[in-house]
Structures are given as structure tokens and as C-alpha cells.
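Notes follow the structure.
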Amino acid sequence: MTAPRLWMGVCGLLAAPVLWIASVQLGQVLPYADCGHAWRGSFWLPCLAAILAVAGGWLAWRSAAGRRGAAGFVLRVGAGLAVVFTLALLLQGLAGWMLTGCER
Amino acid sequence: MSARIQDDQRDTDLADAPLDAALRRVWDTPRGVWGALATVDHKVIGRRYIATAFVFLAFGGVLALLMRWQLARPESRVLTPDLYNQIFTVHGTSMMFLFAVPVMEAMAVYLVPLMVGTRNIAFPRLNAFSYWMYLVGGILLWGAFLVDMGPDIGWFAYVPLAGPQYGAGKRVDIWAQMITFTEISALAVAVEIVVTVLKQRAPGMSLDRIPLFVWAMLVTSFIIIMAMPAVMVASTALILDRLVGTHFFNPAEGGDVLLWQHLFWFFGHPEVYIIFLPAVGMISSILPTFVRRPIFGYLPLVLAMVSVGILSFGLWVHHMFTTGLPRLGESFFTASSMAIALPSGIQIFCWLATIWYGRPVYRTPFLFILAFFFTFIMGGMTGVMVASVPLDTQLHDSYFVVAHFHYVLVGGAVFPLLGGVYYWFPKFTGRMMSERVGKWVAGLLFAAFNFTFFPMHVLGLLGMPRRVYTYQLDMGWGGLNLFVSLSAVVLAAGFLLFFYDAVRSARHGEPAGDNPWGAATLEWATASPPPSYNFARLPVVRSANPLWEDDGVLPVAGGLRVDRRELLVTTVGGALPEARESSPRPTIWPLWSALATTALLLGSILTPWAVVWGAVPVTIALIGWFWPGGRKEEES
């Protein structure tokens, strides 16, 4: 496996958790922006993050293919992380879909 | 062979007996008081940590009994309201900061170096320092309580109650500085464990062969490093508000009371997983031994631990659902709280599959794991319930929450910990604990725990609030409270029996031998209790269950010097040998440093100038600590 390919895999490993952390932080700010506007960033941004997390997980999974030992193990864990955090992001998106941001 | 060890002599030059003698000469802790105070042996410090933490557990338990005595009857006058406030604060603070976190780290201090096949923990002097700091923090809290100066603000010390306006006197400052002591200690141990796991593993122990307890402690240590600074910043800001007159938490001057809650719970919720994840690791390490098969789903279990570790940082606002934050923002935290059930479920199903495909042997450690399953799943399910904003709004600050977190913490951490003590006690002491008494302990604790805490769910649903020192007769809570209090006495009897068994077995238990359970991990590859140098020849690992492969005969690595304390540094991923590194010798400087830091921190409760003048002895102690010894530190 080439070094760039391995790094793509590592990026995939990190993408989902980083996107989720960003989404959690934005979730504290966006309700104020969403309230009274049609934009609904609290819905779209977690969904976009979920799509990117899936892409990251796919990269990690592809990079892990045929790779044994510690590197393959870490990349497979990364692909699994992407699944878990995609679910977490979709649940956040669901909240953004159901609520307007004005509720107190 | 000459009895005198020459310079640069290697272990490969020596037979077993001379090697043992040579290693004892450089690794043994000196006898006497100086040796006891100067030791940097991770096993000695680990045992001290564990024993001290269980002493604080017993103290906290006595306070719990006092609370239950007070609450057994309506309108009881056993305790005054002020003393009751101190008692529930010191109980919670002791259990969280002086027992639960330290005992898990203590188990790691003892076990991780053995499980990864190295001779001492990384930064052993820091390890000694961390123990002294922890001890002083505990003495500070309990000393204050015994002279009626115990904090009375709850283990979370919410402002403005804890601020200068409502928290007169020094009680809050004592709580805040106790936080500093224990968090410094916890952070130090976390750093040691991270470095030990990443750089000191036995050759061949690649990331996919690390024992699951070690994985759990690695994840836990990262959580500690990222979470604990938040509460240290918060408690320091609180001291500044109280002592110097800053206004971090004073809304009248532009501060924010919710800032305290955000900072505290940014630490406080990961704290739950700091306590729980080591228990996950213990179960994952103990279970294979008692079902006679390797763990089912090694990779999913590691994945679950890492996921839980990260997700734990996105849950803190579910402690703040009633503070008026935007409902949509709160729902993001409901989402994370629901999502964390997924990796937790993965763990449970991996363990169930391990049992399903194995041949269970019902010894005491396994019984504690079974007790864990029922209790923790109950706590987890009520956790999902209170993660829902509407339900939490109803149940917040009620006894339902008290029941929930005791199910999570006692079921999720204390039961596996007690199972771990029964499992590793032979390694700690060389003697077995009693199987007969152990079964009584497990049965008593499981039954009495559920009798004590299950009715609290009902009390919460009936509307009984937390932290009330009494209640009126016509509330109708008297019968259940009396039942809870009587069950608490039985629960205490179970713990008493456990302490009796531990003390008796340490002296008179049946001799254990190196590997009494027929376990698979490296700590069982050395004597019980292990010699000061842990392994005469460092093991080489070729699978995740090294003692179950190759008929238990481990290949070994050679080439380490025996005329000085030396251990092997390996690569992060594949654990390939990188360098030989010296390990520090015993020294009194960590104790002096801890005493100097104590003077600074205690003085700063009284005057901010203590930080300035106290820095002088701290600096002197640190200079003494780090003064170069003139030895070559590392050879590649």
C-alpha cells in the first residue's frame, strides 16, 4: 500500500469523530440562527457531515482491504467508528428536522 | 560465573539464578522507612493506591449509612440539616474523586506494566508523586469534614451556591483544592499509562494483540487527559472568584453561572466513562478465563471502547436539560446519549457471545460479571430514559436519578472491580481469596444492592427529591425509605465480609502459584506476587492470548543490561524493539515535591500570595527531582 493511500485511510478514520465533534459544537449555536428562518442548518449540516463520515469510513475500509497487522486493525476500527458516528450524526439531523430552533 | 556484575553485562550472559540475583540488586526497593517513602515500583505504589481507595470507599459507605439512618423515618432528627449537607457532599466527592477514579487507575498502575510485559511504568517518579498528591487530597477533604468544615455544596458544587455570595467560610475552597490534588494525581497517572501502553509493550504485542483491559485503560487515560483540565479550570476559577474577587460566575459583572455547569459536566459526564471503561476492560480480560475461550469480537470491543470514549464528550448537556438551553441544542445531546447505547450494546453482545460459545466456570469473579450484566443493563436503560428531555424534566433532581446513577456506577464499575479484585488478588499477594466467602459476598452485594436502589426509582416517580435531609409523614415515602435503609445495612454487611475476606486471605489464603486461573495474559507469566523486576527475561508476544498459545511457553527477548534498571522501548503500532532505556531509581524527591505543592495549594485557600511564595519550595523540589544523575539515559 502506498503512503498516500494509507493517509487517506487515516483521514477516513479521523473524519467521522471530528465531524461529529464539530456538529455537537454547532448544535449549540445554530438553534439561535435557525429560529425564525427557513434555512434549517441544524438539519442540513449534520446530514452533510453524515455523508462525509460515510465517505471517510469507506476510505478507511478500502485502505484496510488486504492489510493485516496493526495498520489493518486500526483502519478497520476507523471504518467501524464511521458507522457509529454516522448514526450519531443522523440522530442529530433528525432532531434538526423535528424542531425549529425556537423551542425553549 | 562471577557473583560481581560487570559494567554493561547483559541478561543473555546469565543463567536464571544469577540473573535473578543481579536484577534484584538493581530493581529491589530498599528496605526501611526511606525505601517505603522513596519507592518507584509500580506494584508497591499500585497496592498503596488500591488500599487507600478502598479505605475511602469504606469511609464513604459509612456516610451513606448515616444518610440512610436519617432518611429511614419521616421527620427524623438524627442529623442536622447542615451535617446532612456535608455528609452527602463528602460521600459523593469521596466516591467519585477518592474512590472510583483512583481505584481504576490504581488497578492499571499495578496491572498495565505486567500485562504489556515491561519492568516498570513509564515516569515512575511521577507515579510516586501522583500517589502522595492523591493521599493529601483525601486527607484534606476528610480532615476538614472531621472538624465540621466539610464542603456542603454537593459533589458538583454548583454556583451561585458555591460562590462567594452564598458559600461563606472555607468549605467550598477545601472542595475546590481537593479537586486540584486529585486531578493532578489522575492526570499524572493517565500520562504514565498512555506512554507505557504506546511505547513499552513487549516485542510483538502489536495494537491488535493488546489485552482488552490495557486498551480500556489507554482510552480511559485519553479521556482523563481531555476531560479533567475542564474541572481544574472550573475549580480554579471558582477559587479566584472567592479569594481574589474575579467574576467568572457572577452574572452581575458579566460572568455566567451556566459556565460552571458547562465546565463541570464537560468533565463530569466523561467521568462516568472514566469509571466505566476500565470495568469494561476488566470484564473483557476476566471473562475468557472463566469461559475457557478467547473473547468473541476483539475488534468490535476495541471499536466500542474508542467510540464510547469519544461520544462521552458529547453528552454533558443532558445533565443540564432543565437550565433553559434551546430545546434543539438539547436534542443534539439526546441524540448522542442514544447513540452511545450502540457501542455499549456491542460490548454486551460480544460478552454474551463469549459466554454462549464457551464453557462457563462459576467462580467468584465470574459471578460478579453476571451481577454486572443485570445491574448495568438496568442502569443503562434508565439512562436512555433520562436522556429524553421531557422525561428528564420530570425526573430531574429526584430519587429516580439517584437510583439510575448508582445502578450505572455500582453495577457498571464496582461489581466488575470486585470481580477484578477476586481475580487479580492472587497476583497481588500470592494467595487466593476464599471461594466460599466470595460467593456469599457476590450474592449479598447483588441482592442487597437491588433491594437498596431499585425502590429509589419508585421514590423518584413518587416525587421524592434528591438531597432532602428529611420529609413529612404525609408524603407517603416512609415505608419505602425504611426498606431502603434496612437493605443498605445488608449491603454494608456484604462489603464488610469482602474486607474481612481480603484481609484474612492476604495473610492466610491458600498459596496461589503463578497462574491459578489458567489465564491467557502476560501478568500470569511471572511469579505471584511478581518480583521487583516483573520479568527476568522480557516476553515476546505472538498472539492476543500468549499463554494459551505454544503450550504456554513464551519466547523471550534478550540483550538488556543487568547492571542498571533497563527496559525496552518499542514502536507504537507493531511493538518492534526501538531502544533500551534506563528506568529511574528510588528517590525521595517526588515526596518532597508533593509536600511543597501541598503547602502551595493549602496556602492558596487562605491567601493568593501563597501561590507566589509557595512556588519557591516547589521549584527547589523540582530542581532536586530533575537534577541530572550523570547517566547515559538511552541507548538505541
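The values are calculated or read from the model by the stated rules, or taken from the named source; none is laboratory data. Because the structure is a prediction, the values reported are computed rather than measured. Here the Cβ positions follow ideal geometry from the backbone for every residue, glycine too, while neighbour counts run over all protein chains shown.
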Checklist entry - Of the residues that make up the range B:147-158, is at least one over 30 Å from B:PRO586 (Cβ atoms) and without any contact (Cβ under 8 Å) to a residue 60 or more places away in the chain? => result yes
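One line per residue, one yes/no per condition, for (1) polar (S, T, N, Q); (2) at pLDDT 95 or above; (3) surrounded by 24 or more Cβ atoms within 10 Å (Cβ to Cβ):
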residue: B:TRP260; (1), (2), (3): no, yes, yes
residue: B:ILE274; (1), (2), (3): no, yes, yes
residue: B:LEU277; (1), (2), (3): no, yes, yes
residue: B:SER284; (1), (2), (3): yes, yes, yes
residue: B:HIS319; (1), (2), (3): no, no, no
residue: B:PRO326; (1), (2), (3): no, no, no
Checklist entry - Could we say that B:LEU212 is at pLDDT 95 or above, crowded, with 21+ Cβ neighbours inside 10 Å and more than 30 Å from B:LEU287 (Cα to Cα) here? => result no
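Of all residues in the range A:58-69 being within 14 Å of chain B (Cβ to nearest Cβ) and not in a helix (DSSP H, G or I), which is nearest to B:GLY204 (Cα to Cα)? Full working, then the answer.
First, the residues of the range A:58-69 that are within 14 Å of chain B (Cβ to nearest Cβ): A:60-61, A:64, A:67-69.
Filter once more, so that each one left must be not in a helix (DSSP H, G or I): A:67-68.
Details: A:ARG67: 17, A:ARG68: 14 Å.
Result: A:ARG68.
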Next on the checklist: Please pick out the residue among B:ALA544, B:ALA520, B:ALA575 that is within 14 Å of chain A (Cβ to nearest Cβ), part of a loop (DSSP other than H, G, I, E, B), touching a helix residue (DSSP H, G or I) at 6+ places or on another chain (Cβ under 6 Å) and of a type in the set (Gly, Ala, Ser).
Outcome noted: B:ALA544
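Quick grid of which residues meet (1) in contact (Cβ under 8 Å) with a residue 40 or more places away in the chain; (2) within 14 Å of chain A (Cβ to nearest Cβ); (3) under 20 Å from the mean Cα position of the chain (by Cα):
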| residue | (1), (2), (3) |
| --- | --- |
| B:HIS262 | yes, yes, no |
| B:PHE266 | yes, yes, yes |
| B:TYR273 | yes, no, yes |
| B:SER285 | yes, no, yes |
| B:ARG292 | yes, no, no |
| B:TYR298 | yes, yes, no |
| B:ILE310 | no, yes, yes |
| B:HIS319 | yes, no, no |
Next on the checklist: Just to be sure before I move on: is B:PHE333 part of a helix (DSSP H, G or I) and surrounded by fewer than 22 Cβ atoms within 10 Å (Cβ to Cβ) in the structure I sent?
Outcome noted: no
Checklist entry - Would it be correct to say that B:ARG73 is among the charged types (D, E, K, R), touching an Asp or Glu at 6+ places or on another chain (Cβ under 9 Å) and assigned to a loop (DSSP other than H, G, I, E, B)? => result no
Checklist entry - Does the range B:585-605 contain any residue that is of a type outside the set (Asp, Glu) and part of a strand (DSSP E or B)? => result no
Item to check | Sole exception among (1) over 29 Å from the mean Cα position of the chain (by Cα); (2) of a type in the set (Ser, Thr, Tyr); (3) closer than 30 Å to B:TYR422 by Cβ for B:TYR533, by number | outcome: (1)
Checklist entry - Is there a residue in the range B:516-531 that is hydrophobic (A, V, I, L, M, F, W, C), buried (at least 18 other Cβ atoms within 10 Å of the Cβ), more than 24 Å from B:LEU23 (Cβ to Cβ) and out of contact with any Ser or Thr (no Cβ under 6 Å at 6 or more places or on another chain)? => result yes
Item to check | Residue satisfying all of: in the range A:70-90; closer than 12 Å to B:LEU342 by Cα and within 7 Å of chain B (Cβ to nearest Cβ); surrounded by the most Cβ atoms within 10 Å (Cβ to Cβ) among these | outcome: A:ALA88
Checklist entry - If a residue has to be more than 30 Å from B:ARG542 (Cβ to Cβ) and without any contact (Cβ under 8 Å) to a residue 60 or more places away in the chain to count, how many in the range B:574-605 make the cut? => result 5
Next on the checklist: Of everything in the range A:63-97, what is more than 14 Å from B:PHE332 (Cβ to Cβ) and aromatic (Phe, Trp, Tyr)? Give them in sequence order.
Outcome noted: A:PHE73
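In the range B:318-367, how many are of a type in the set (Ser, Thr, Tyr) and closer than 22 Å to B:LEU417 by Cα?
Filtering the range B:318-367 for residues of a type in the set (Ser, Thr, Tyr) gives B:322-323, B:331, B:334, B:336-337, B:344, B:354, B:357, B:362, B:364.
With closer than 22 Å to B:LEU417 by Cα added as a condition, the list becomes B:344, B:354, B:362, B:364.
Residues meeting the conditions: 4.
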Next on the checklist: Need pairs with beta-carbon distance below 6 Å; first residue under 17 Å from B:PRO300 (Cβ atoms) and touching a residue at least 60 places away in the same chain (Cβ under 8 Å) and within the range B:211-231, second among the hydroxyl-bearing types (Ser, Thr, Tyr) and surrounded by 24 or more Cβ atoms within 10 Å (Cβ to Cβ); sequence gap 6+ or separate chains.
Outcome noted: B:PRO211/B:SER285; B:PRO211/B:THR521; B:LEU212/B:SER284; B:LEU212/B:SER285; B:PHE213/B:SER285
Checklist entry - Residues in the range B:496-515: is at least one surrounded by fewer than 20 Cβ atoms within 10 Å (Cβ to Cβ), more than 30 Å from B:ALA51 (Cα to Cα) and hydrophobic (A, V, I, L, M, F, W, C)? => result no
Checklist outcome for this item: Per the list (1) under 30 Å from A:GLU103 (Cα atoms); (2) surrounded by fewer than 23 Cβ atoms within 10 Å (Cβ to Cβ); (3) more than 8 Å from chain B (Cβ to nearest Cβ), residue check on A:ALA49 breaks on (2)
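Is it the case that some residue within the range B:348-364 is away from every other protein chain (no Cβ under 12 Å), under 20 Å from the mean Cα position of the chain (by Cα), farther than 30 Å from A:TYR32 by Cα and modelled with pLDDT of 95 or more? It would help to see each step written out before you state the result.
So the first thing to find is which residues in the range B:348-364 are away from every other protein chain (no Cβ under 12 Å), and the list is B:348-364.
Adding the requirement that they be under 20 Å from the mean Cα position of the chain (by Cα) leaves none.
No: the range B:348-364 contains no residue that is away from every other protein chain (no Cβ under 12 Å), under 20 Å from the mean Cα position of the chain (by Cα), farther than 30 Å from A:TYR32 by Cα and modelled with pLDDT of 95 or more.
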Checklist entry - Quick one: A:VAL29 ticks every box in (1) within 13 Å of chain B (Cβ to nearest Cβ); (2) at negative phi; (3) surrounded by 15 or more Cβ atoms within 10 Å (Cβ to Cβ); (4) of a type outside the set (Ser, Thr, Tyr) bar one, so which box is it? => result (3)
Checklist entry - Is it fair to say A:VAL10 is in contact (Cβ under 8 Å) with a residue 12 or more places away in the chain and within 13 Å of another protein chain (Cβ to nearest Cβ)? => result yes
Next on the checklist: Looking only at the range B:321-342, how many residues end up being among the charged types (D, E, K, R) and at the interface with chain A (Cβ under 8 Å from one of its Cβ atoms)?
Outcome noted: 1
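If you check B:VAL191 against the conditions, is it away from chain A (no Cβ under 14 Å), surrounded by fewer than 22 Cβ atoms within 10 Å (Cβ to Cβ) and under 30 Å from B:GLY117 (Cβ atoms)? Walk me through it before giving the result.
Numbers: away from chain A (no Cβ under 14 Å): yes; surrounded by fewer than 22 Cβ atoms within 10 Å (Cβ to Cβ): yes; under 30 Å from B:GLY117 (Cβ atoms): yes.
So B:VAL191 passes the test.
Suppose we filter the range B:227-278 for residues that are part of a helix (DSSP H, G or I), among the acidic types (Asp, Glu) and farther than 20 Å from B:THR182 by Cβ; how many remain?
Selection size over the range B:227-278: 2.
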Item to check | Criterion: under 9 Å from the mean Cα position of the chain (by Cα), within 8 Å of chain B (Cβ to nearest Cβ) and outside any loop (DSSP other than H, G, I, E, B) - qualifying residue of A:SER23, A:SER42 | outcome: A:SER23
